[in-house]
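Participant: Next up is a structure, given as structure tokens.
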Amino acid sequence: MKKVCSKCKEEKDISEFHKNKSNKPSGLSYCCKICDKTQKKESTKKYTEKWRVYKNLWADNNREKVNAITRLSMKKRRVIDLETVKAINQKWRKNNPKKIKENNNWNSINLTDAFMAQHLSISVKEFRELPEEVQKIYRTSIKIHRVFKQQKEKQVL
């Protein structure tokens, strides 16, 4: 069976039209799938900017509502996410002990900021706020300590 597209005016097979129950005579869309797709792309381009401007304007005029909605949704999400994330993390840790050990070894070998902060019993942020010279001194002292430790072990053997 064939049908004429109302956009491109071409006669096409009915398989090239979307189903549309509201269109009583045929039960198919007025325009073909290709024309429908191009029309949707054009309208998206046309109205995306207008919608974004409207949405931002509304948000600026209703800042209290936006903040309240955001706070509420964040609270809900935080409660759900914390439980979910904890469960996922525990399961992953249980299933991947080797990866955890490798990661810890990598951090200690490469003397990452996280490892250094943990070694000095301070936060990563506090470690990064230290002057670079001080950070280098700490890293160098650990490297020296490791070299001495290795030499001691060799002497024992």
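Taken together, the values in this text are just the output of simple stated rules run on the coordinates, not laboratory data. The structure presented is a predicted model; accordingly, all values stated were derived computationally and were not measured. Because the Cβ atoms are built from the backbone with ideal geometry, glycine has one as well, and the counts that use them run over all protein chains shown.
Participant: Under the 0.36 nm per residue contour assumption, what length would be gained going from the current alpha-carbon distance of Lys125 and Gln90 to full extension? Display every interim value, and only then the final one.
Facilitator: On the way: separation 35, 0.36 × 35 = 12.60 nm, distance 2.57 nm.
Value of the extension gain: 10.0 nm.
Participant: Also, quick follow-up: How big is the dipole moment of the chain about its Cα centre under a simple scheme where the beta carbon of each Lys and Arg is +1, that of each Asp and Glu is -1, and everything else is neutral? Debye, nearest 20, please.
Facilitator: Values: 40 positive and 18 negative charges, 137 e Å.
For the chain, the charge dipole is close to 660 debye.
Participant: Lys/Arg Cβ at +1, Asp/Glu Cβ at -1, dipole of segment 14-96 taken about the Cα centre: which of Asn20, Ser73, Asn62 is farthest positive-ward?
Facilitator: Most positive-ward Cα: Ser73.
Participant: Among the listed pairs Lys75/Lys98; Lys12/Lys45; Lys99/Lys125; Lys3/Lys50; Lys19/Lys45, which have their C-alpha atoms separated by more than 29 angstrom in this model? Walk me through the numbers on the way to the answer.
Facilitator: On the way: Lys75/Lys98 35 Å; Lys12/Lys45 27 Å; Lys99/Lys125 25 Å; Lys3/Lys50 35 Å; Lys19/Lys45 25 Å.
Check vs 29 Å cut-off fails for Lys75/Lys98; Lys3/Lys50.
Participant: Follow-up question, since we're still on this one. Provide, as a two-decimal number, the C-alpha radius of gyration of segment 111-157 over 2.2 N^0.38 Å, N being how many residues it has.
Facilitator: Numbers: Rg = 13.1 Å, N = 47, 2.2 N^0.38 = 9.5 Å.
Here the answer is 1.38, to two decimals.
Participant: A further question on this structure: Compute the helix-to-body angle for 33-61: its Cα long axis versus the longest principal axis of the chain, expressed 0 to 90° and rounded to tens.
Facilitator: 60 degrees
Participant: Additional query: Could the peptides 42-51, 99-108 be put in order, highest first, of the mean number of other beta-carbon atoms found within 10 Å of their residues? Intermediate results must be reported in sequence, preceding the final value.
Facilitator: On the way: 42-51: 9.9, 99-108: 11.7.
Ranking, from highest mean packing down: 99-108, 42-51.
Participant: I would also like to ask the following. Taking the Cα centre of segment 1-125 as the origin and placing charges on Cβ (Lys, Arg +1; Asp, Glu -1), which of Cys5, Ser123, Ile109 is farthest toward the positive end of the dipole?
Facilitator: Towards the positive end, the residue furthest out is Cys5.
Participant: Also, I was wondering about something else. Counting alpha carbon pairs within less than 8 Å and at least 6 residues apart, what relative contact order, in whole percent, applies to the chain?
Facilitator: Details: 72 pairs, mean separation 13.1, N = 157.
Across the chain, relative contact order equals 8 percent.
Participant: Cα extents of segment 1-108 along the three principal axes, largest first, in whole Å?
Facilitator: 70, 45, 27
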